[in-house]
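Chemist: First the structure, then my questions, so here it is.
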Amino acid sequence: WITALGTGPAVTDIAATVSTLLWTQSRAWLFAPFWTTLTGAEGTTWLGKHLIGRVRPAFLDAVSESSSSLPSGHATAPIGFLAYAAACDLPGLRQRFEVPFWAATVIGLVCPSLVFLSLNYLSDIAAGVLVGMVWLLAGVGAAELSQSPSALGQSG
């Protein structure tokens, strides 16, 4: 079930829920950066899988995946941006620390499960994490720029 958190249907459900929450809770400024992160990571993953076409490891017969192995799509999921969105307005340092800490814990559980289930090689996961981090930085950068005084037309 931990691995299922990074599957397409789970990411779709999470994206729909997060989009609704951002829009209805007066946090629409995070809507475009979230979708930038999500579509950028998913698009890069899809392109990488189709261009590279790495065959998945064969070990467990009960577990299978139809797409190629590199980069790991589970590892590119936008959980980092969700942690940023949840933590950026929290008042205390402890809360702002705990949200990304628990997000990193989830990532730290999902990624090894992919190797354990023989869905990915370790290098596939490393590539997926790298793709996810690049798009996380792009999304956070876009969110921060949208909130900067110069982007809002305010003077310092």
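Chemist: Can you go through 123, 113 and tell me which one is surrounded by fewer than 16 Cβ atoms within 10 Å (Cβ to Cβ) and among the polar types (S, T, N, Q)?
Modeler: Answer to the selection: 123.
Chemist: Report whether or not residue 124 is more than 24 Å from residue 20 (Cβ to Cβ), modelled with pLDDT under 75 and acidic (Asp, Glu).
Modeler: Here the answer is no, as residue 124 does not meet what is asked.
Chemist: In addition: Taking into account only those residues within the range 142-156 that are exposed (fewer than 15 other Cβ atoms within 10 Å of the Cβ) and either of a type in the set (A, V, I, L, M, F, W, C) or at pLDDT 90 or above (or both), which is nearest to the chain's Cα centre (by Cα)?
Modeler: 145
So that you can scan it fast, the table gives a plain yes or no per residue for (1) modelled with pLDDT of 70 or more; (2) open to solvent by 70 Å² or more (accessible area, probe 1.4 Å); (3) under 16 Å from the mean Cα position of the chain (by Cα):
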site: 14; (1), (2), (3): yes, no, yes
site: 17; (1), (2), (3): yes, yes, yes
site: 22; (1), (2), (3): yes, no, no
site: 46; (1), (2), (3): yes, yes, yes
site: 63; (1), (2), (3): no, no, no
site: 91; (1), (2), (3): yes, yes, no
site: 97; (1), (2), (3): yes, yes, no
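The values are calculated or read from the model by the stated rules, or taken from the named source; none is laboratory data. Treat the numbers as computed from the prediction; the structure is a model and nothing was measured. Cβ: placed from backbone, ideal geometry, glycine included. Neighbour counts: every protein chain shown. Protein only, heavy atoms only, side chains kept; ligands, DNA and RNA dropped before computing areas. Shrake-Rupley method; radii C 1.70, N 1.55, O 1.52, S 1.80 Å.
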